[in-house]
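The values are calculated or read from the model by the stated rules, or taken from the named source; none is laboratory data. The structure displayed is predicted, hence computed values, not measured ones. Note: ideal-geometry Cβ built from the backbone for every residue, glycine included; neighbour counts use all protein chains shown. Only protein heavy atoms, including side chains, enter the accessible area calculation; ligands, DNA and RNA are left aside. Shrake-Rupley method; radii C 1.70, N 1.55, O 1.52, S 1.80 Å.
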Amino acid sequence: MILIWHMAIDLGIARNRLAERKAEIEDMSRLSEEARSTVMLDQQAVGRLSRMDSMQQQAMAEAQERQRQRDLTRIEMAERRIKDGDYGYCIECDCEIPDGRLAIDPMAEKCVNCAS
Ligand SMILES: [Zn+2]
């Protein structure tokens, strides 16, 4: 049986990048959870933060958490594209996404032209 490798993208590297990104996001989620509970404890203890500050901080933390959840979804989608053999190809024009772009954003599903 002859295997024809027409893909320039190293899927092993892609999988590693996605796994690393996922671990980072999960770490950040956990740390932010800890930071949020610490802020709450501080506030109860000394009342240093005004209510406004703490509300703003909480809103920011929640926005960041939502972004992390979106990124986790994008990672799952990228993993599915790897399985389907679509990974590394633009979903709009089907061109190859350069590795430099995938190194920065391993979840990229469009080339620079189509993304902008
Ligand atoms: Zn494209």
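Taken over segment 62-90, the criterion of being charged (D, E, K, R), closer than 18 Å to Glu26 by Cβ and free of Cβ contacts under 8 Å to residues at least 24 places away in the same chain is satisfied by Glu62, Arg66, Arg70, Glu76. Assess whether Arg66 counts as being out of contact with any helix residue (DSSP H, G or I) (no Cβ under 9 Å at 6 or more places or on another chain), open to solvent by 100 Å² or more (accessible area, probe 1.4 Å) and at pLDDT 95 or above. The answer is yes for Arg66.
State all residues of segment 49-69 that are small (Gly, Ala, Ser) and not in a helix (DSSP H, G or I); if no residue qualifies, say none. Passing the criteria: only Ser50. Residues in segment 9-46 that are at pLDDT below 65 and farther than 21 Å from Ala59 by Cα were compared, and the one that is least open to solvent (accessible area, probe 1.4 Å) is Ala45.
When Ile75 is tested against (1) open to solvent by less than 30 Å² (accessible area, probe 1.4 Å); (2) part of a helix (DSSP H, G or I); (3) touching an Asp or Glu at 6+ places or on another chain (Cβ under 8 Å), just one condition goes unmet, and that condition is (3). Among residues of segment 91-116 that are under 18 Å from Asn16 (Cβ atoms) and near the ligand (Cβ under 9 Å from one of its atoms), those with a beta-carbon under 8 Å from a residue that is open to solvent by less than 50 Å² (accessible area, probe 1.4 Å) and of a type outside the set (A, V, I, L, M) at least six positions away or on a different chain give the pairs Ile97/Gly88; Ile97/Tyr89; Ile97/Cys90; Ile97/Cys111. When Ser54 is tested against (1) surrounded by 13 or more Cβ atoms within 10 Å (Cβ to Cβ); (2) more than 19 Å from Leu11 (Cα to Cα); (3) more than 15 Å from the ligand (Cβ to nearest atom); (4) at pLDDT 95 or above, exactly one condition is not met: (4).
Going by what's in this entry, would Ile75 be described as of a type in the set (Val, Ile, Thr) and within 16 Å of the ligand (Cβ to nearest atom)? Criteria not met by Ile75.
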